[in-house]
1. By its C-alpha gyration tensor, with a ≥ b ≥ c as the square roots of the eigenvalues, how is the stretch 78-146 shaped: rounded for a/c under 1.5, else prolate for a/b larger than b/c, else oblate?
2. Using the Cα gyration tensor of the stretch 17-98, with a ≥ b ≥ c the square roots of its eigenvalues, what is the shape: rounded (a/c below 1.5), prolate (a/b larger than b/c) or oblate (neither)?
3. Which Cα, out of G21, V86, I70, lies furthest along the positive dipole direction of the chain (beta carbon charges, K/R +1, D/E -1)?
4. Given +1 on the Cβ of Lys and Arg, -1 on the Cβ of Asp and Glu, and no further charges, what dipole in debye does the stretch 24-73 carry about its Cα centre, rounded to the nearest 20?
5. With every protein chain present, what is the per residue accessible area of the stretch 122-254 (1.4 Å probe, Å²)?
6. For L130, enumerate residues with amide H under 5 Å from its amide H, sequence gap 5+ or separate chain, H modeled in the peptide plane.
7. If I compute solvent accessible area with a 1.4 Å probe over the protein chains, what percent of it on the stretch 171-226 is carbon and sulfur?
8. Based on DSSP, what percent of beta bridges with both residues in the chain are antiparallel, to the nearest 5?
Amino acid sequence: MEYKQWYMEYKIHKNRPGLLGDIASLLGMLEVNILTINGVEGKTRGMLLQTDDDEKIQLMGQMMKKVDNITITALRQPKLVDILAVRHGRYIERDCDDRKTFRFTRDELGLLVDFLGEIFKRDGHQVIGLRGMPRVGKTESIIAGSVCAMKRWTFVSSTLLRQTVRSQMSEEESQPNNIFIIDGIVSTIRSNEKHELLLQEVMNMPSTKVIEHPDIFVRETHYDYDLFDYIIELRNTPEEEITYETFTLNYNDL
């Protein structure tokens, strides 16, 4: 069998001396490798494991249920949020009603960049929406995530350097492996016919597209929210409200 990764998470009821050593010894006897280990939010510990025998994972899970000091809360093949939880020691906040919406604050930019980098490593068609007020770090996070994924980024529209509305791209810029960055306000409020044709071409490409201000993009185009694989919200503080009335007027004035 091929080697597979597993994510194991357990809650600690009594953190007695030697507890982690006992668990590590059990995994060692089963020849299950520990790739990464970290505390995850309080008295919870997460591990990324690797083995070529799925039955060993099932057996380990049954044995762990007999350990009084811990309770197994997750034993599964790792999701992206599991991998990042072990790396950073905390779970990404996720919307309870819309499970594809993830929330970050500006002091979590490192976690956001890591999250984007992992998504950007995937090939093929995917669309990410990024909500946030001006100057919160949206575009910078996308660029940093592209660097982490070792992918080239291409601006289709942007406010990073004034108002950028592209009507054409070079062959190098239009490679499907690139990360295409679209400002949902600029591409709808400041667009022209040539830009709309380019935008349609990009949206049909089997590539990764990141759309800033996705709500305005949906409102002003024929696309709907089913288009998005992920929606990310970035705030200066957890309480900040993301509104568009104040700064969409400024786009119209330019």
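1. Judged from the Cα gyration tensor, the stretch 78-146 comes out rounded (a/c under 1.5).
2. Because a/c hits 1.5 or more and a/b exceeds b/c, the stretch 17-98 counts as prolate.
3. Result: G21.
4. It works out to roughly 300 debye.
5. Here the per-residue accessible area is 51 Å².
6. I211, E212, H213, I232
7. 41 percent
8. 50 percent
The values are calculated or read from the model by the stated rules, or taken from the named source; none is laboratory data. From a predicted model like this one, the values you see are computed outputs, not experimental measurements. Positions of Cβ are generated from backbone atoms using ideal geometry, with glycine treated the same way; all protein chains shown enter the neighbour counts. Ligands, DNA and RNA are excluded from the accessible area calculation, which covers all protein heavy atoms including side chains. Shrake-Rupley method; radii C 1.70, N 1.55, O 1.52, S 1.80 Å.
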